[in-house]
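The values are calculated or read from the model by the stated rules, or taken from the named source; none is laboratory data. As the structure is a prediction and not an experimental result, all values here were calculated from the model. A quick note on method: Cβ atoms are made from the backbone with ideal geometry, for glycine too, and the neighbour counts reach across all protein chains shown. Ligands, DNA and RNA are stripped out before the accessible areas are found, and what is left, the full protein with its side chains, is counted by its heavy atoms. Shrake-Rupley method; radii C 1.70, N 1.55, O 1.52, S 1.80 Å.
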Amino acid sequence: MLAAQGIIDPEAAQRIRDGLDKVAAEIKAGSFAFKDALEDIHMNVAGRLAALSGEDAGPLHTARSRNDQVAPE
């Protein structure tokens, strides 16, 4: 949606999708390192995505609630 609306470029959107796919795979495989210092699943996923995607992960939250980000597609 962010790329479709011109908020981020398509390449950044793809890097975000790739990062989220990696996070999902890590969770599914049981290798995701949840950190107790982070508030909840949202913060853990956002932190890992930032580690994988760098600055591209920043605008991910634009115009979305935390619940939107974990709702299955």
What's the total number of residues in region 4-26 that are under 21 Å from R48 (Cβ atoms) and in a loop (DSSP other than H, G, I, E, B)? 1
Residue pairs qualifying under the 7 Å Cβ cut-off, at least six apart or on distinct chains, with the first in region 1-27 being in contact (Cβ under 8 Å) with a residue 40 or more places away in the chain and the second being of a type in the set (G, A, S) and not in a loop (DSSP other than H, G, I, E, B), are L2/A13; R15/S53; I16/S53; I16/A57
Only one of these conditions is not met by A57: (1) modelled with pLDDT of 90 or more; (2) of a type in the set (A, V, I, L, M, F, W, C); (3) surrounded by 15 or more Cβ atoms within 10 Å (Cβ to Cβ). Which number is it? (1)
Number of positions in region 2-39 that are open to solvent by 40 Å² or more (accessible area, probe 1.4 Å) and under 14 Å from the mean Cα position of the chain (by Cα): 10
